[in-house]
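Undergrad: Let me give you the structure first, and then I'll get to my questions.
The values are calculated or read from the model by the stated rules, or taken from the named source; none is laboratory data. All of these numbers come straight from a predicted model, not from anything done at the bench. Virtual Cβ from ideal backbone geometry, glycine too; neighbours counted across all protein chains shown.
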Amino acid sequence: MAILLTDTTRVLIQGMTGREGSFHTGQMRLMGTKVVAGVTPGKGGTSQDEVPIFDTVAEAKAATHANASGIFVPPPYAADAIMESAANGIELIVCMTEGIPIQDMIRVKGFLSDFPGVRLLGPNCPGLLTPGVGKIGIIPQRFSKPGGVGIVARSGTLTYETMAALTAAGMGQSTVVGIGGDPINGMSFVDVIRLFEADPATTHLAIIGEIGGSDEERAAELVGAGSRLKAVAFISGRTAPEGKRMGHAGAIVSGNRGTAKSKEEAFRAAGVAVAETTDQIVGLLTPD
Amino acid sequence: MKLLEYQAKAVLASLGVPIPPGRTASNGDEAAEACRELGPVAVKAQVPVGGRGKAGGIKLAQSPEEARAAATAIIGMDLKGFRVPLVYCEAALDIAQEIYLGFTVDRDHRNNILMLSAKGGIDIEEVAETSSDSIARLHPDPWRGPLDFELNQLAFAAGLGAHARALVPLIKKLYRAIPELDAVTAEINPLVVTRDGQLIAGDAKLETDENAAFRQRALEERYAGTIALDVFEEEAKKRNLTYVSLDGEVGIIGNGAGLCMGTLDLIERAGGSAANFCDIGGGARAEVVENALAVILMNPRVRGVLINIFGGITRGDEVARGLIAARDNLHMNLPLVVRLSGTNEEEGREILKQNGIEPGANGWEAAQRIVALTR
């Protein structure tokens, strides 16, 4: 078992014919992901590497029974792409696009409240990967292997690093989930951790957070309230100055809010081991 | 993009928010002239930070001579790290009451939040800490905006029912900054109630979303670049780099925001301090590395550089070749430590060694090495 992405996941890609979309669709398929359709308005009826392309999500869904979507659409159109998938019954929407206007995402969140069964991952995220099954997004599969560690992270490269270090130490992963670096996003740490908690294949949990917002504090509360998973947390940005955006639109300390210190303290108070450097993550997850 | 007070006021006035008459002045003569025209004025430093009054950046002037003296004292002063380039001379208000009114993004609720409080004039975070109950809050529906009755309720909840008839339309005008201008903060603090019962913006703060710059061209063209950035940030922006200046001596390049932040943390842990944050993105392409290195080497404080790359899709040998080329093209002779991991890491490290760069075994080891080399 795994979370979110399993062998019943049938993926359509919005923006499959663009540079990023076509490259990463190829990578997803190499890994065995069931990519059943692409959606690019105006290119319906054609195909790319034997994957049929449709003009709309509605047509793609009707013809292929896709139940998940990966979005590589440019920022001005990405919010609309998310809503198109949600309105057409796609259950899992994974948006890789970086640079979507904040107000667009706020309106998307409002729109999604009418679709309680829909899960959005991202935007500005690397997507998710279930080793041995498939991926939606851009996580490099060669560093993964099947196992019991669930990874949930805001940062892409730190996700890959953690995954690679775990794999090198012989610890495989159940599912690797990037929730993205934007201030307004879909699934939170809490949403993902709840799924890991309910997944029998997941035994360990690595939480990779960073400065900004208070999603990590909420995650600490959840884990602190009782968890069967052996967990470790790492927070990036403890030396970031107040008021400066550190690369991710959401990575900013405002006044005394969103600091690494507050997040680390929340995890410690919840009984979760806190790694001071990424090199310590593996050690803290292994017994002794 | 953060706007200065006089810019924010001009924008809010265009949405129908009442503002006092005012003039910018870049020297004493202009301030004196503004005072002759407007009568008693507040002379206010134009810098993008809060707490200007407490820091000595706002002075009241009754006469043109006082305005001249105030402007001369304020212009050029250093206010929380910003040199004051000009002042805004604004007709002094006859204040009966000060209200706080502001919209900002509430990350926890994944929505905008409107806050209204009868305790205006001081920092809202301070109000939130000392008397959170005095703040009335509303999360407006992002598709239809706040409704009249919601705002009316809010005004009464804040103890401002007596002003509800004037407040409701004023808040709707301020709200326009969100859907129309992609504001992420639109704040009037204080919103002044004058002795004759008028509502007027005493101060204004407006910040727009950089991700929306593509559809806010007019605003961008008019106001981008008026707040002087740090010279290195300016240069980095020209080269499309994600770069933040810091005040240490170790230049940093990383791929990915989280990895790069983590690298800054490692430098401090090793006893050093970083000169910058620079995220070159997942791909770590050769020309991006060279651009990043070029900007970092312009900073005379930099005594060495640490490059921390995890290659996912990108191959380590390609990254290594790109790094060597960048170093050679820029004739770099400061210490350079590279930590390269991920795809084809062995080949990449071998190339680094052949070119005189001893690769770091891991991030922590590499950070300790560069800190030792730059002591």
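Undergrad: Given B:290, B:346, B:365, which one is in contact with a Gly (Cβ under 8 Å, 6 or more places away or on another chain) and within 14 Å of chain A (Cβ to nearest Cβ)? Explain how you work it out, then say what you get.
TA: Numbers: B:290 fails: within 14 Å of chain A (Cβ to nearest Cβ); B:365 fails: in contact with a Gly (Cβ under 8 Å, 6 or more places away or on another chain).
Result of the check over B:290, B:346, B:365: B:346.
Undergrad: If you scan the stretch A:150-203, which residues turn out to be of a type in the set (S, T, N, Q), in contact (Cβ under 8 Å) with a residue 40 or more places away in the chain and within 11 Å of another protein chain (Cβ to nearest Cβ)?
TA: As a first pass, look at the stretch A:150-203 and keep what is of a type in the set (S, T, N, Q): A:155, A:157, A:159, A:162, A:167, A:173-175, A:185, A:188, A:202-203.
Retained after the next criterion (residues that are in contact (Cβ under 8 Å) with a residue 40 or more places away in the chain): A:155, A:159, A:162, A:173-175, A:185, A:202-203.
Across the stretch A:150-203, the qualifying residues are A:155, A:159, A:162, A:185.
Undergrad: Sticking with this one: Does the stretch A:97-120 include one or more residues that are in contact with an Asp or Glu (Cβ under 8 Å, 6 or more places away or on another chain), closer than 20 Å to residue A:28 by Cβ and not charged (D, E, K, R)?
TA: no
Undergrad: Collect the residues in the stretch B:61-109 that are part of a strand (DSSP E or B), over 25 Å from residue B:182 (Cα atoms), touching a helix residue (DSSP H, G or I) at 6+ places or on another chain (Cβ under 7 Å) and aliphatic (A, V, I, L, M), keeping them in residue-number order.
TA: B:61, B:87, B:91
Undergrad: Sticking with this one: Which one is farthest from residue B:314 (Cα to Cα), of the residues in the stretch B:271-289 that are surrounded by fewer than 20 Cβ atoms within 10 Å (Cβ to Cβ) and touching a residue at least 40 places away in the same chain (Cβ under 8 Å)?
TA: The qualifying residue farthest from residue B:314 (Cα to Cα) is B:271.
Undergrad: Out of A:106, A:139, which single residue is buried (at least 21 other Cβ atoms within 10 Å of the Cβ), within 9 Å of chain B (Cβ to nearest Cβ) and in contact with a Leu (Cβ under 8 Å, 6 or more places away or on another chain)?
TA: A:139
Undergrad: Pairs only if they're at least six apart or on different chains, beta carbon under 6 angstrom, first in the stretch A:86-109 and part of a helix (DSSP H, G or I), second of a type in the set (S, T, N, Q); list them, first residue then second.
TA: These pairs meet every condition: A:106/B:111.
Undergrad: Shifting gears a bit: On the basis of being in contact (Cβ under 8 Å) with a residue 24 or more places away in the chain and either more than 18 Å from the chain's Cα centre (by Cα) or not in a loop (DSSP other than H, G, I, E, B) (or both), does residue B:226 make the cut?
TA: Spelling it out, it is not the case that residue B:226 is in contact (Cβ under 8 Å) with a residue 24 or more places away in the chain and either more than 18 Å from the chain's Cα centre (by Cα) or not in a loop (DSSP other than H, G, I, E, B) (or both).
Undergrad: Within the stretch B:309-324, restricting attention to residues that are surrounded by 24 or more Cβ atoms within 10 Å (Cβ to Cβ) and more than 9 Å from every other protein chain (Cβ to nearest Cβ), which residue is farthest from residue A:27 (Cα to Cα)?
TA: The extreme case among them is B:323.
Undergrad: Considering each residue of the stretch A:18-63, count those that are in a helix (DSSP H, G or I), in contact (Cβ under 8 Å) with a residue 24 or more places away in the chain and either over 24 Å from the mean Cα position of the chain (by Cα) or closer than 18 Å to residue A:118 by Cβ (or both), and give that number.
TA: Within the stretch A:18-63, residues that are in a helix (DSSP H, G or I), in contact (Cβ under 8 Å) with a residue 24 or more places away in the chain and either over 24 Å from the mean Cα position of the chain (by Cα) or closer than 18 Å to residue A:118 by Cβ (or both) number 5.
Undergrad: Have a look at B:246, B:241 and point out the one that is at negative phi and in contact with a Pro (Cβ under 8 Å, 6 or more places away or on another chain). Spell out the reasoning first.
TA: Numbers: B:241 fails: in contact with a Pro (Cβ under 8 Å, 6 or more places away or on another chain).
Exactly one residue qualifies, and that residue is B:246.
Undergrad: Can you find a residue in the stretch A:168-191 that is part of a helix (DSSP H, G or I) and at pLDDT below 95?
TA: yes
Undergrad: Ok, one more. So, in the stretch B:157-167, of the ones that are touching a helix residue (DSSP H, G or I) at 6+ places or on another chain (Cβ under 7 Å) and more than 13 Å from residue B:115 (Cα to Cα), which residue ends up surrounded by the most Cβ atoms within 10 Å (Cβ to Cβ)?
TA: As a first pass, look at the stretch B:157-167 and keep what is touching a helix residue (DSSP H, G or I) at 6+ places or on another chain (Cβ under 7 Å): B:160-161, B:163-164, B:167.
Subset that is more than 13 Å from residue B:115 (Cα to Cα): B:161, B:163-164.
On the way: B:161: 13, B:163: 19, B:164: 16.
It comes out as B:163.
Undergrad: Hey, another quick one. Just to be sure before I move on: is residue A:172 surrounded by fewer than 24 Cβ atoms within 10 Å (Cβ to Cβ) and in contact with a Pro (Cβ under 6 Å, 6 or more places away or on another chain) in the structure I sent?
TA: yes
Undergrad: Considering only residues of the stretch B:244-268 that are of a type outside the set (S, T, N, Q) and assigned to a strand (DSSP E or B), which is nearest to the other protein chains (Cβ to nearest Cβ)?
TA: The qualifying residue nearest to the other protein chains (Cβ to nearest Cβ) is B:244.
Undergrad: Please go through (1) away from chain A (no Cβ under 14 Å); (2) at pLDDT below 90; (3) buried (at least 22 other Cβ atoms within 10 Å of the Cβ) for residue B:341 and return the number of the only condition it doesn't satisfy.
TA: That leaves (1) as the condition not met.
Undergrad: Mind checking which residues of the stretch B:110-137 are within 14 Å of chain A (Cβ to nearest Cβ) and assigned to a strand (DSSP E or B)?
TA: B:111, B:112, B:113, B:114
Undergrad: Let me ask you something else. State all residues of the stretch B:92-109 that are within 10 Å of chain A (Cβ to nearest Cβ) and in contact (Cβ under 8 Å) with a residue 40 or more places away in the chain; if no residue qualifies, say none.
TA: B:104, B:105 - these are the residues of the stretch B:92-109 that are within 10 Å of chain A (Cβ to nearest Cβ) and in contact (Cβ under 8 Å) with a residue 40 or more places away in the chain.
Undergrad: Now for a different question. Given the conditions (1) surrounded by fewer than 24 Cβ atoms within 10 Å (Cβ to Cβ); (2) touching a residue at least 12 places away in the same chain (Cβ under 8 Å), which single one is not true for residue B:300?
TA: (2)
Undergrad: On the basis of being assigned to a helix (DSSP H, G or I) and free of Cβ contacts under 8 Å to residues at least 12 places away in the same chain, does residue B:233 make the cut?
TA: Working: assigned to a helix (DSSP H, G or I): yes; free of Cβ contacts under 8 Å to residues at least 12 places away in the same chain: no.
No: the conditions fail for residue B:233.
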